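For reference, the structure discussed in these notes is given below.
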Amino acid sequence: MSKKFLIAGAGIAGLTLAKALQDLNYEYEIFEASANVRGIGAGFGLASNAMKAFEILGLAEEVIPLGHMLEDFEIQDWQEKTILKADTEKLRKSYNTENFAIHRADLHRFLISKIDASKIHTSKKVRLFEQSFEKVILHFEDGTSAEGDYLIASDGINSTIRQQLLKQATPRYAGYVCWRAIVEDKTFDSKKSIETWGPNGRFGLTPLINNQIYWYACVNAPLNSDIYNYTLNDIKNQFKDYSGQIRSTLQKTDPNNVITTPIMDIKPISNYAFNRVLLIGDAAHATTPNMGQGACMAVEDVCVLYDELTKKDTDILLAFEHYNLRRLKRTHYIIDTSRLAGKVAQIDNKFLIGIRNFAFRNLPNSIMQSPLDDLLEEDFMKV
């Protein structure tokens, strides 16, 4: 009899995993806390490592048309002078794939189209789970429950399942608020993602398909401060001294489309496998977005687990343990490096900004490139 997986959470990790399990002829059911399964957010990057993972999973050819290929990533100061450029060519060559930016909703729709939609159950917020020697039971806040052989927790940074297993593993605030939105701009024709660092905050512009721009802005603020109530006009005023493209993009933004979130992550935890329960995606290793690797790590997770489950005479519990060993070091590195990168990028003291920018412009490129190189040097599929 086929083993049954219960998947908590219908985000990128959960939906990609469902497709992988379907390909391997395992039974699965997905339980999503929200009333609708949709990509909440705006745009995000699918770097070459994520595209390689999609390639291994047999999905890359269909994902590529959904994304906008990015040839360069540049960091500028608020006067539009280059601080540094990332060597994305090296990233492309390492994985023999391109880097893309994609609308979260587009990727969600695609992933849902690749699985049996009748397996997705909405408005199923997890209350707690039980596991025995032979099975796992999920209990939901609506009073219902579901039983299976294994439980995959892909229920995000606020994972109920992770916090039942590890009570101390709660989200931690990175120190800044983030606003995000997508606008249409037929005059913007670029294959370059630009991030601007300055005393009034950080602002990113990334092109998407269909003449769209994904923008994000981060400003230092205590959690739940008045800045969290900023209107679009307040944001425009915050960045009024930045580039014309930034001001133009904000001018074209619909205030109803602006998303406001605190930037959070989870301090690295020492284990993702707990007998019949496995943590993946943000439930396991939520990271700040500064390295653009949150979604990428989720897709890598699925790829590595898929690899373990395809091995001859697979013992699933052993596959979980092997996945755990293969993922801990890499995901811990991303969490720690991304958090540090955010602290450096979010400096808002003009004197310290001057020192930082001078150092970045004058240090050897090999040193500036080292965090990206460290990400590349380890093949995420190595055993």
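The values are calculated or read from the model by the stated rules, or taken from the named source; none is laboratory data. Quantities reported herein were computed from a predicted structural model and do not represent experimental measurements. We place every Cβ from the backbone using ideal geometry, glycine too, and count neighbours over all the protein chains shown. In case anyone asks, the SASA skips ligands and DNA or RNA and just uses the protein heavy atoms, side chains included. Shrake-Rupley method; radii C 1.70, N 1.55, O 1.52, S 1.80 Å.
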Next on the checklist: Please list 3J(HN,Hα) in residue order for the stretch 101-109, calculated via the Karplus relation 6.51 cos²θ - 1.76 cosθ + 1.60 where θ = phi - 60°; whole Hz, with x for glycine and proline.
Outcome noted: 10, 9, 7, 4, 5, 5, 5, 4, 4
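How far, in nm, would the chain grow between residue 228 and residue 2 when pulled straight, counting 0.36 nm per residue and subtracting the alpha carbon separation?
Working: separation 226, 0.36 × 226 = 81.36 nm, distance 4.84 nm.
Length gained, residue 228 through residue 2: 76.5 nm.
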Checklist entry - Would you list 322, 68 from the most to the least accessible area, probe 1.4 Å? => result 322, 68
Item to check | Cα-based Rg and Dmax for the stretch 227-383, where Dmax is the largest Cα-Cα distance (Å) | outcome: 20.2, 62
Item to check | Accessible area of the chain divided out per residue, in Å², using a probe of 1.4 angstrom | outcome: 45 Å²
Checklist outcome for this item: Relative contact order in percent for the chain (Cα pairs under 8 Å, 6+ apart) equals 20 percent
Checklist outcome for this item: If R0 = 25 Å, then residue 200 and residue 379, at their Cβ-Cβ distance, give a FRET efficiency to the nearest 0.05 of 0.05
Checklist outcome for this item: Counting sequence-distant residues (5 or more places) and residues on other chains, those with an amide H built under 5 Å from that of residue 34 are 123, 124
Next on the checklist: Using helices alone, I'd like the mean residue ellipticity at 222 nm for the chain: each DSSP H run of four-plus residues gives -39500 (n - 2.57), total over residue count, nearest 500.
Outcome noted: -10500 deg cm²/dmol
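Extension gain residue 358-residue 312, at 0.36 nm per residue separation less the Cα-Cα distance, in nm? Each step should come with its number before you reach the end.
Details: separation 46, 0.36 × 46 = 16.56 nm, distance 5.46 nm.
Full-extension gain reported as 11.1 nm.
Of the heavy-atom accessible surface of the chain (probe 1.4 angstrom), what whole percent is carbon and sulfur? Let's see the in-between values first.
On the way: 8430 of 17160 Å².
Using a 1.4 Å probe with all protein chains present, the chain comes out at 49 percent carbon and sulfur.
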Next on the checklist: Just to verify a number: FRET efficiency for residue 158 and residue 325, C-beta to C-beta distance, R0 = 22 Å, to 0.05?
Outcome noted: 0.25
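Output the peptides 132-145, 103-116, 3-16 sorted from most to least packed, where packing is the average of other Cβ atoms within 10 Å over each peptide's residues. The partial results should precede the final answer.
Numbers: 132-145: 13.3, 103-116: 17.9, 3-16: 25.6.
Output ranking for 132-145, 103-116, 3-16: 3-16, 103-116, 132-145.
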Next on the checklist: Would the stretch 248-324 count as rounded, prolate or oblate if I go by the C-alpha gyration tensor, calling it rounded below 1.5 in a/c and otherwise prolate when a/b exceeds b/c, oblate otherwise?
Outcome noted: prolate
